[in-house]
Amino acid sequence: MLQRTLGSGWGALIPGLLLGLLGFTGLSMDMWRGIVVCGMLLSCVMIWHRQLRHFVLLPSALALVGGAELIAMNLRLLG
């Protein structure tokens, strides 16, 4: 049941909301880079795990949204 729920939009919505809330805390660029790296490493590990493979969208979305936040922070610094 939970696998089907997280396989839909919830798998991207949960990390998106989490990182959206973290965006207001004022984390440094290095912390955001760490979040992106952790999300990418977790995705690599989870894709080969038999039972966790179904939840690979969670860390992938974490890395994607964290990378988007880094781009937004970089654009704010340049502008």
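The values are calculated or read from the model by the stated rules, or taken from the named source; none is laboratory data. Remember, predicted model here, so these are calculated numbers, not experimental data. Counting neighbours? That spans all protein chains shown, and the Cβs are built from the backbone with ideal geometry, glycine included.
Key figures for this structure:
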{"quantity": "Tabulated pairs, the stretch 1-25, first under 16 Å from Phe55 (Cα atoms), second exposed (fewer than 11 other Cβ atoms within 10 Å of the Cβ) and at pLDDT below 75, C-beta under 9 angstrom, 6+ apart or interchain", "calculated": "Gly11/Thr5"}
{"quantity": "Subset of the stretch 18-31 (residues that are more than 10 Å from the chain's Cα centre (by Cα), among the hydrophobic types (A, V, I, L, M, F, W, C) and surrounded by 10 or more Cβ atoms within 10 Å (Cβ to Cβ))", "calculated": "Leu22, Leu27, Met29, Met31"}
{"quantity": "Selection from the stretch 34-79 of residues that are among the charged types (D, E, K, R), part of a helix (DSSP H, G or I) and farther than 16 Å from Leu18 by Cα", "calculated": "Arg53, Arg76"}
